[in-house]
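For reference, the structure is listed below as structure tokens.
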Amino acid sequence: MSEKSCLFCRIIAGEIPGDFAHQDERCVVLRDINPQAPMHMLVIPREHLESLDDASQKDEALLGHLLRVGARVANDQGQAEGGYRTVINNGEGAGQSVFHLHVHVLAGRQMNWPPG
Ligand code: AMP
Ligand code: ZN
């Protein structure tokens with residue numbers, strides 16, 4: 001998918017409204033439109049990468065940043081003590097539906113294992 005038609009690129013560019021919880025120079029945090037837990041955020045790099053599989057060695061610092069921002073957001077929302085889960089769906093078979101890399105951060109309910 002090209003960046004022009006990518007949903008998350010369009011939200012980051014301000015062409016489509018998004019409910020932002022945090023923004024910095026490398027990523028944004030969006031409240032998921034269809035939350036699967038009381039807190040469900042998406043940590044999204046500003047740069048368009050289709051998936052985790054699309055990331056290369058040059059993206060290692062960015063990947064680390066996304067996870068650290070996810071942790072910070074969970075803590076800021078008071079969710080660290082109860083536990084939170086970070087998820088990256090890679091590919092349709094794993095449930096990826098938006099092909100712009102993002103980290104789900106879910107909290108506020110008991111999480112099950114194995115995941116569905
Ligand atoms: P995935 O299925 O892992 O690609 O995750 C995509 C996520 O984006 C889903 O949890 C959707 O609910 C969420 N989503 C889709 N459209 C929007 C939107 N306009 N604003 C916020 N979240 C969205
Ligand atoms: Zn994109």
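The values are calculated or read from the model by the stated rules, or taken from the named source; none is laboratory data. Predicted model only: the values in this text are computed from it and were never measured. Neighbour counts are summed over all protein chains in view; Cβ atoms, including those assigned to glycine, are modelled from backbone coordinates with ideal geometry.
Go through 53, 59 for me and flag whichever is within 16 Å of ligand 2 (Cβ to nearest atom) and either at pLDDT below 95 or surrounded by fewer than 17 Cβ atoms within 10 Å (Cβ to Cβ) (or both). Among 53, 59, only 53 is within 16 Å of ligand 2 (Cβ to nearest atom) and either at pLDDT below 95 or surrounded by fewer than 17 Cβ atoms within 10 Å (Cβ to Cβ) (or both).
Between residues in region 1-24 that are in a helix (DSSP H, G or I) and residues that are of a type in the set (Asp, Glu) and surrounded by 11 or more Cβ atoms within 10 Å (Cβ to Cβ), which pairs lie under 8 Å by C-beta distance while being six or more apart or on different chains? Close Cβ pairs (under 8 Å, with a partner that is of a type in the set (Asp, Glu) and surrounded by 11 or more Cβ atoms within 10 Å (Cβ to Cβ)) amount to 9/3.
Tallying residues that are without any contact (Cβ under 8 Å) to a residue 60 or more places away in the chain and either of a type outside the set (Gly, Ala, Ser) or touching a strand residue (DSSP E or B) at 6+ places or on another chain (Cβ under 9 Å) (or both) within region 96-110 yields 3.
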